[in-house]
Amino acid sequence: MPIDIPPEKDGLVPTLNHMGWMTVGLDQFSRSFVDFAPHAPGPVLDIGAAYGIASLAALKNGATVIANDLDARHLELLEKNTPKNHRSRLSLMAGAFPENISFADHTLGAVLICRVLHFFDGPTIEKSIAKLFRWLKSGGKVFAIGETVYLKNMQGFIPLYENRLKNPDDAWPGYFENVHEICDPDVKDALPPQIHFFDLNTLTRCFEKAGFTIEKAAIFGRPEYPEWARLDGRESAGIIAIKP
Ligand SMILES: C[S@@+](CC[C@H](N)C(=O)[O-])C[C@H]1O[C@@H](n2cnc3c(N)ncnc32)[C@H](O)[C@@H]1O
């Protein structure tokens, strides 16, 4: 049972299960999720919510939110920090997406999956997106955000990734299982061994294959990231996909 949320450092809050950090602010795609959430055609799901940076903002905006995380302790802390007047619109769902959580088809209004898909291999990303398509109502949207390879603490991967991009037969150029060997040694204890660096071609292809229409897809900078992570304005990638 966790006692409290670990202290923030450089705008990042460590997760309790060494799966990276929660940001203390909302990126442009998460902000779009929070704005859309109260108008979504059903309850919204925040996958990998951690301590609830986006869930709390969506609740504050009036949405009905299901917060999911692999680590139930994160969700207990989120609930503890949810103002009483919002708690009736918050449900908690601990478990690993996509294998251990489920919803009836055509029930959700929107899904945020922020900085979680980038831990999955290619086939799991495809399986995940196919499930989201089934769970969403028509008009529902997915907001997905992940890191690109263009992070200072990951720059050892850049030549390897760019070399893979030259091979048109490599469907998953961003997937690596040796994070701990190549990343900046200072961050390795905070991360799992596998990472899937995002790019817009791969993201768009996966969402279109599942049946989604793309509303927006963009690479964006993270000026708010700490100096040890920020590189050149291409740190993250995001997509908004609509179920027709
Ligand atoms: C890097 S943090 C991101 C937190 C927050 N969404 C953000 O963007 O700041 C990843 C979070 O996703 C959770 N997570 C990782 N894999 C998951 C999975 N398969 N299903 C549900 N949650 C997962 C971790 O426990 C952690 O809290």
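Just so you know, all these numbers are worked out from the coordinates, no wet-lab data involved. Given the structure is predicted, the values throughout are model-derived calculations rather than measurements. For neighbour counting, all protein chains shown are included, and Cβ atoms are generated from backbone atoms with ideal geometry for every residue, glycine included.
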Report the relative contact order of the chain, percent, no decimals, based on alpha-carbon pairs under 8 angstrom and at least 6 residues apart.
19
Given only helices, namely DSSP H runs of n ≥ 4 each adding -39500 (n - 2.57), what is the per-residue ellipticity at 222 nm of the chain, to the nearest 500 deg cm²/dmol?
-7500 deg cm²/dmol
So how far apart, in nm, are the two label points at residue 184 and residue 88 if each is 7 Å from Cα heading toward Cβ?
4.6
Take the residue pairs 60/216; 80/131; 9/152; 60/243; 137/209; 166/216 and return only those whose Cα atoms are more than 20 Å apart.
60/216; 80/131; 60/243; 166/216
Starting from the Cα-Cα distance between residue 152 and residue 215, subtract it from 0.36 nm times their residue separation and give me the gain in nm to one decimal.
19.7 nm
What nm value, rounded to one decimal, do you get for the distance between residue 234 and residue 10 when each label is placed 7 Å out toward the C-beta?
2.1
Counting just the Cα atoms, what span does the range 12-242 cover along each of its three principal axes? Round to the nearest Å and put the largest first.
49, 36, 30
Under unit Cβ charges (Lys, Arg +1; Asp, Glu -1), what dipole magnitude, rounded to 20 debye, does the range 57-118 have relative to its Cα centre?
380
Could you give the size of the charge dipole of the range 178-218 about its Cα centre, using +1 on the Cβ of each K and R and -1 on the Cβ of each D and E, expressed in debye and rounded to the nearest 20?
280
Packing-wise, with mean Cβ within 10 Å as the measure, how do 113-124, 93-104 rank, highest first?
113-124, 93-104
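Find out how many positive minus negative residues lie around residue 152, taking Lys and Arg as positive, Asp and Glu as negative, among other residues whose Cβ is under 10 Å from that of residue 152. List each step's numbers first, then the result.
Details: positive: 230; negative: 184, 227, 232, 235.
Every neighbour counted, the sum reads -3.
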Treating only the Cβ of Lys, Arg, Asp and Glu as charged (+1, +1, -1, -1), what charge dipole size does the chain show about its Cα centre? Round to the nearest 20 debye.
960
Sorted by average packing, counted as other Cβ atoms within 10 angstrom per residue and highest first, what order do 24-31, 196-203, 223-230 take?
196-203, 24-31, 223-230
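Given the peptides 37-43, 183-189, 63-69, 234-240, arrange them by the average over their residues of other C-beta atoms within 10 Å, most packed first.
Details: 37-43: 18.4, 183-189: 13.9, 63-69: 25.0, 234-240: 22.1.
Ranked from most to least packed, the peptides come out as 63-69, 234-240, 37-43, 183-189.
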Per residue, how much space in cubic angstrom lies within the convex hull of the C-alpha atoms of the range 16-59?
74
So if each residue of separation counts as 0.36 nm, and I subtract the Cα-Cα distance between residue 208 and residue 127, what length gain in nm does that give?
27.9 nm
